[in-house]
Amino acid sequence: MDVMDMVDIVESIASTPSTGLTPAFPGFEAPAKDKKERKMKRNSYCRGLALVLLPFWAGCAPAVIGGGAAGGYKAATDERTLGSMMDDGAITARVNAAMVNDPEVKARQIDVDTLQGVVTLTGTVESEAVAKRAAEIARATEGVREVRSYLQVGSKTFGQAMDDKVTGARIKSDLISEPGIRSMNIDVDVEKGVVTLTGIVENAAQKDKILKIARGDFGVVKVVDNLRVAH
């Protein structure tokens, strides 16, 4: 089963009345403009959802999840040196390990990204105390130059988690489709509609284009800019 097959399946699900994509009243015909907008949103949503489900249906999705061939591509196109990439990977692993071993922090709730020694934390945690503790753990980790914490305090429903995954996959898909953007160099994290973009880009024009793509997605509440220009 390929991506287009999955898109067809998801679209058939999305067309049911429970999604709100069909008229609410019998005999009601929506204006052509509204129907077109709904169709565009539905198609975009379905594309993102298909990408999220791809690893489960097809067994692998290297272009989306960064494994296998995509990992090699990222290493070849990343603006960092190989040594810097390895150092950042080691820092991320150390921070994650320290959080796993901490009794206060639930490591599975926190996403850790490292770029040139700067650690970014995203996710939703139970309290301000836990958010503070997570940042302390990261700062105390060997090799960390700076910690940027965008942790949110509260709870997160399964529906919100799925919406975030679909939004992230949809943005990643749009970046992959955009000529001139090395999408594998950009990490996209979504937490309750807040998108955090982390990575190194070639120039300011490329950065602006990436931010525009993210901000233009209908599932995005806010975009946090963690992008750096290489030159």
Taking the range 81-115 and keeping residues hydrophobic (A, V, I, L, M, F, W, C) and in a strand (DSSP E or B) leaves Ile110, Val112, Leu115
Could you list all residues from the range 101-116 that are over 20 Å from the mean Cα position of the chain (by Cα) and either among the hydroxyl-bearing types (Ser, Thr, Tyr) or surrounded by 16 or more Cβ atoms within 10 Å (Cβ to Cβ) (or both)?
Val105
Asp164 within 19 Å of Ile110 (Cα to Cα), at pLDDT below 95 and either of a type outside the set (Gly, Ala, Ser) or over 16 Å from the mean Cα position of the chain (by Cα) (or both)
no
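Residues are listed down the side, and each one gets a yes or a no for (1) more than 21 Å from Leu211 (Cβ to Cβ); (2) in contact with an Asp or Glu (Cβ under 6 Å, 6 or more places away or on another chain):
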site	(1), (2)
Asp87	yes, no
Ala93	yes, no
Met99	yes, no
Pro103	yes, no
Asp111	no, yes
Lys132	yes, no
Lys156	yes, no
Gly168	no, no
Lys172	no, no
Do we have Val119 as surrounded by 17 or more Cβ atoms within 10 Å (Cβ to Cβ) and at pLDDT 95 or above here?
yes
Would it be correct to say that Glu136 is under 20 Å from Thr114 (Cα atoms), touching a strand residue (DSSP E or B) at 6+ places or on another chain (Cβ under 6 Å) and charged (D, E, K, R)?
no
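The values are calculated or read from the model by the stated rules, or taken from the named source; none is laboratory data. The model shown is predicted, which means the values in this text are computed figures rather than measured ones. Backbone-built Cβ (ideal geometry, glycine too); neighbour counts: all protein chains shown.
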